1. Determine the distance separating the Cα centre of region 149-165 from the Cα centre of region 54-71; give it in Å without decimals.
2. Fully extended, how many nm does the chain gain between residue 141 and residue 112 (0.36 nm per residue separation, minus their Cα-Cα distance)?
3. At a Förster radius of 35 Å, what calculated FRET efficiency corresponds to the Cβ-Cβ distance of residue 152 and residue 197, to the nearest 0.05?
4. Between residue 190 and residue 119, what FRET efficiency comes out of the Förster formula 1/(1 + (r/R0)^6) with R0 = 22 Å and r the beta carbon distance, rounded to 0.05?
5. Can you give me the % of accessible surface on region 7-122 that is carbon or sulfur? Probe 1.4 Å, all protein chains present, nothing else counted.
6. So what does the Cα-only Debye profile of region 72-211 read at q = 0.12, 0.19 Å⁻¹, as log10 I(q)/I(0), no solvent term?
7. Could you do me a favour and compute the accessible area per residue for region 111-180, 1.4 Å probe, result in Å²?
Amino acid sequence: MSLRDFLKKQFIDVIHWTEPADGILAIRYPMQDMEIQNGGQLTVRESEMAAFVNEGKIADVFGPGLYTLNTQTLPLLTNLMNWDKAFQSPFKSDVYFFSTRMQVNQHWGTPNPVTIRDKDFGMVRLRGFGIYSYHLSDPRTFHTKVSGTRELYQVADLEGQLRNTIVGRMSDAFANSNVPFLDMAANQVALGEKIAELLKPMFTGLGLTLDTFVVENLSLPEELQKLLDQRIGMNMVGDMNRYTQFQVAQSMPIAAGNEGGGAAGIGVGLGAGLTMAQQMMGAMKPAAEPAAPQAAAGPETKFCQECGKSIPRSSKFCPECGKPQQ
């Protein structure tokens, strides 16, 4: 190397990096046409780690702290460069910084429903979504398997891989859980913890640590949700006798607004409601005890305003209860 070439070179005394924006996982420190001075200072801040790479091989990794670069602090790099007696200065090496802070509010979701076997409903299709967080914990593994020699590696570059892996493992968790859908939906915290246990080895294999995994929602496709709502409705009805009484009570305000109004309207509504109730109760009786048919009001008949029985329209009094009719 000529004296002119030597003077043109820039020598680095201090190496440090501050994260300029969110979403950065790894960055290569700018070293073009620069060499590191013997005894230079390396500053690694909290939520960071740094690694020296020589000719494509990762050497020494540093956690938070202030370091003086020499053969004692760079034993692996010293070995790679064959510095058997003295630390050569200056020297060339690639330096990578890694952000180890937690990457929060990462979203996952099922783009298509996941088909599972359910104890209560047979085969069902589930949708789910939620959030998770992780941090980079092993720069050596991450550099070797994920980021490599790229100048910049961001969270967005890894998002698709993580999200699709999460959905795949989640499908396995659903299929092997043998837990009915209704129990899953009611215990989303426990479900999230179980899925997280399945995901942690995958994150570790990439040099990452999964910190949190949250299942925010589990749902069925719209057509299946309607069927579930109908089933829930039937379970809520329970006692059909009480249900018909409730329906009759509900019909009274409506009947009061019909033509004739007042008590007469209420009576008509009550009679119609009782007739409906009798028909419904008759339909629920066993076939051996068929329900007696209820006469429907025709052009020549009307309902008693008191007891609801069908009587001739010209009747002034009900033959059943004896109440006067309008």
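The values are calculated or read from the model by the stated rules, or taken from the named source; none is laboratory data. Bear in mind that the values here come from a model prediction, so they are computed numbers and not experimental data. Cβ atoms come from the backbone with ideal geometry, glycine included; neighbour counts cover every protein chain shown. Each accessible area value is taken on the protein alone, full model and side chains, heavy atoms only, with ligands, DNA and RNA left out. Shrake-Rupley method; radii C 1.70, N 1.55, O 1.52, S 1.80 Å.
1. Taking the Cα centre of region 54-71 as reference, the centre of region 149-165 is 24 Å away.
2. Values: separation 29, 0.36 × 29 = 10.44 nm, distance 3.24 nm.
Full-extension gain reported as 7.2 nm.
3. Details: r = 32 Å, r/R0 = 0.93.
With a Förster radius of 35 Å, E is 0.60.
4. Rounded to the nearest 0.05, the efficiency is 0.85.
5. The nonpolar share, carbon plus sulfur, comes to 48 percent.
6. -0.62, -1.11
7. Numbers: 3590 Å² over 70 residues.
That works out to 51 Å² for each residue.
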